[in-house]
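Reviewing the structure listed below.
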Amino acid sequence: MEEYFGNELVKKFEEMMENNDEFYFDTEELEDIIVYYLELGDFNYADIAVTYGLKLHPNSLDIKIKKLEVLLEWEEYNTAKELIDELKASSMENTDFLVCYAKYYSNLGNPRKSIEICKKALELKEEENFLHNFIADEYINLGDPFNALKHYRKALKEDPTDEYALENCMVCFNELSKGDEAIAFLNEYLDEFSYSETAWYEYGQFYFNRKNYEEAIKGFDYLLAINSNSVGVYANKASCYEALGQYKKAIEVYEEMLDLEYTKAFTFYKIGLCHKALKQPIVALNAFQKSLREDPQFYLSMMEQSYLYEEMGGMVEALHFAKEATQLNDNNLDYQKRLAFLFIDSGKFEESLSCLKKLVEAEPSRFYNWYAYSEVLMLLGEYEEAITVVNSAIKNHNRAELYYQLSNCYFNLKEQEKGVESLKQALELDSSIIQDMQKKYPFLKDEVKKAKAKVKKKN
């Protein structure tokens, strides 16, 4: 970062702009200033520097190429094309121009043309690592991991420390389902560059994805020997122990992580899950509480506390933490289902309705969302609203249970004729569940024999 805070040329340029002065910069100095802003992502200042540069050096090809870079960043493709046409005659032997030219076609969704231009640029024997990565990325855009892999490997050959190329080699091997070749490639690389953190991370991930957790741990251990401050690697190693069912070892690794982390909420949560798996609910609760002290809005720990309290018979606490978690993650349908269940289990039927309504709106294709919603409305005596819900449900699910519910609503509302008609439809769809339905809806008992007789007569 030192170059960003100690760039004297940039300071001089910015002071000039602030004071409305005009200083002289040669083309190389202006290029350095423009590159500084481009790398910083400050395209407004890059454009100001380009404009000033062309004022001083109107015929400079290098500054015009930098202008082309700015235009591409701003997606001003018509103006960019005009500038490309102007520069083409004089700049086809200029790598920077060819890169911009290739980027123009890449941005327009023409990777084949982009590759063609990059291969032309490779003939100049400059920026070969960058160009091979560029070509490989374009092959990825074409859905061609085979050729992409070739060029990522060439990029890595040009610069063996190129982490981007190394990672993408492994991605391509995976897409090509070439596991044996991938690990052979990685082992060969590690033989030469045994202190590569990226390579050891890829080694660990390779075996983790194949459920060979012991070998994955070996890779992560090598990485931690190189860099003991790699927090994410501790998490991966702990996940391996969890997958092996070695929860005590996983806890040890997570506890090592705590010394390195700034935010510890997720790690305490993972420790809590391990203690839960070890059937240590009190210790698990303690870990989840520590997680919430670190981050009072960490809803994952809230919901886990809800599950533990339910297991321990603390339904009041279970409901409390489920409500807190759901408020923080309102769109989580699993949370809404759990909260609805806990409300119903606690006899708080009215409170459950908002959850059930969200469920039928989000998942109209799930029959039991509708069934539970209408059931609760009937328990509250809201028969007219229940009829509306059941009729909406029938549009998605032509099931007997819904017609039994409908008939119960009509009988409770003293609408005998509609009740009888709904009951007949229910019996025609499925008469085998009538005993269960009679237990749930006593009003049906007196009507079933009559309805059955009518159905029998009709048949």
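Quick notes
- Flagged links, alpha-carbon separation over 30 Å, of 357/418; 157/249; 211/264; 67/113; 337/395: 157/249
- When the chain is described by a simple charge dipole with +1 on each Lys and Arg Cβ and -1 on each Asp and Glu Cβ, the residue from 362, 378, 99 located farthest towards its positive end is 378.
- Dipole magnitude (debye, nearest 20) for segment 205-313, charges at Cβ of Lys, Arg, Asp, Glu: 200
- Ligands, DNA and RNA excluded, the heavy atoms of residue 433 present near 40 Å² of accessible surface to a 1.4 Å solvent probe.
- Over segment 188-320, Cα pairs under 8 Å with separation of 6+ residues give a relative contact order of 13 percent.
- With all projection directions averaged, the alpha carbon convex hull of segment 29-119 covers 5.6 nm².
- Estimated purely from DSSP H runs of n ≥ 4, each contributing -39500 (n - 2.57), the mean residue ellipticity at 222 nm for the chain is -24500 deg cm²/dmol once divided by its residues.
- Of the accessible area of segment 46-191, computed with a 1.4 Å probe over protein heavy atoms only, carbon and sulfur atoms account for 45 percent.
- Using C-alpha pairs below 8 Å separated by at least 6 residues, the relative contact order for segment 225-294 is 26 percent.
- For the chain, the solvent-accessible area of protein heavy atoms averages 54 Å² per residue (probe radius 1.4 Å; ligands and nucleic acids excluded).
- Charge dipole (debye, nearest 20) of the chain; +1 at Cβ of Lys and Arg, -1 at Cβ of Asp and Glu: 4580
- The angle between the Cα long axis of helix 77-91 and the main principal axis of the chain comes to about 30°, on a 0 to 90 degree scale.
- Debye-sum result for the chain in log10 I(q)/I(0), which assumes one identical scatterer on each alpha carbon, at q = 0.07, 0.11 Å⁻¹: -0.70, -1.02
- Residue 215 - accessible surface, heavy atoms, 1.4 Å probe, Å² rounded to 10: 50
- Shape category assigned to segment 151-241 from the gyration tensor of Cα positions, a/c cut at 1.5: oblate
- Residue 446 - accessible surface, heavy atoms, 1.4 Å probe, Å² rounded to 10: 120
- Longest segment of the chain lacking trypsin sites (Lys or Arg not before Pro) that sit in a DSSP loop with at most 13 other Cβ atoms within 10 Å: 1-124
The values are calculated or read from the model by the stated rules, or taken from the named source; none is laboratory data. The structure displayed is predicted, hence computed values, not measured ones. Using ideal geometry, Cβ is built from the backbone for each residue, glycine included, and neighbour counts are taken over all protein chains shown. SASA here: full protein model, heavy atoms, side chains in, ligands and nucleic acids out. Shrake-Rupley method; radii C 1.70, N 1.55, O 1.52, S 1.80 Å.
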